[in-house]
Amino acid sequence: MRTPPRLLCVALGGALLTQLAACGTLFYPERRGQIDGKLDPVVFALDAVGLLLYIVPGLIALGIDFATGAIYLPGGEKYSVAPEALRDAVDNQGQVNRQRLRAIIREASGRDLPLDHPGVIEQHGSVEQLAAYGLRPSA
């Protein structure tokens, strides 16, 4: 008995569609980049259904969700500060006033961050990033 090619295409398309729909990375793109946390039972269940029906695509969906962090529930609160508000913390030479930066962060988030803690990692921006915010780099 010969299976018509059209039926095979529909079955393959349906299988791929269910795997794409079961991927937490597509459902929750804002969760990408999380390192750990509690597993989201909905995303895990959808990946598990894909695992039961199609072994290899199910493993791929689980792997992608774990690698991107989309399988974890969102944790913690996130705050953002407008770049314009940060100009007050940078002087004309491009040096950051830590006390002023700490006050700006405290005002935006309501939390006091220990910027003088030895575990704080300071990263310096490029000349292009400083120019984008209207700042002049120090020589």
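Please treat every number below as a calculation from the coordinates, not as lab data. Keep in mind the model is a prediction, meaning the values are calculated, not measured. Note: ideal-geometry Cβ built from the backbone for every residue, glycine included; neighbour counts use all protein chains shown.
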**OP:** Springs between alpha-carbon atoms under 10 Å, Gaussian network over the chain: tell me which of Leu59, Leu73, Leu12 tops the mean-square fluctuations.
**Re:** Leu12
**OP:** Note down the magnitude of the dipole of the stretch 77-116 about its Cα centre, charges +1 on Lys and Arg C-beta and -1 on Asp and Glu C-beta and zero elsewhere, to the nearest 20 debye.
**Re:** 60 debye
Original post:
For the chain, with the dipole built from +1 on Lys and Arg beta-carbon atoms and -1 on Asp and Glu ones, taken about the Cα centre, which of Tyr28, Gln99, Gly110 lies farthest toward the positive end?
Top reply: Tyr28
Subject >> Chain lengthening between His117 and Thr3 when straightened (0.36 nm per residue, less Cα-Cα) >> reply: 34.3 nm
Original post:
Asn92 versus Phe27, label points 7 Å from Cα toward the beta carbon: distance in nm?
Top reply: 5.6 nm
Subject >> Extension gain from Ala45 to Ala82, taking 0.36 nm per residue of separation minus the Cα-Cα distance >> reply: 9.5 nm
**OP:** Decide, for the stretch 77-116, between rounded, prolate and oblate: order the square roots of the alpha carbon gyration tensor eigenvalues as a ≥ b ≥ c, take rounded if a/c falls under 1.5, and otherwise choose prolate if a/b is larger than b/c, else oblate.
**Re:** oblate
**OP:** Could you give the size of the charge dipole of the stretch 5-68 about its Cα centre, using +1 on the Cβ of each K and R and -1 on the Cβ of each D and E, expressed in debye and rounded to the nearest 20?
**Re:** 180 debye
Subject >> Over the chain: Rg over Rh, Cα atoms, Kirkwood Rh >> reply: 1.24
Subject >> Stretchable slack from Leu130 to Arg102, in nm (0.36 nm times residue separation minus alpha-carbon distance) >> reply: 8.1 nm
Original post:
In debye, nearest 20: dipole of the chain around its Cα centre with unit charges on the Cβ of K, R (+) and D, E (-)?
Top reply: 360 debye
Subject >> Principal axis dimensions, largest first and in whole angstrom, of the stretch 5-68 by Cα >> reply: 44, 21, 16
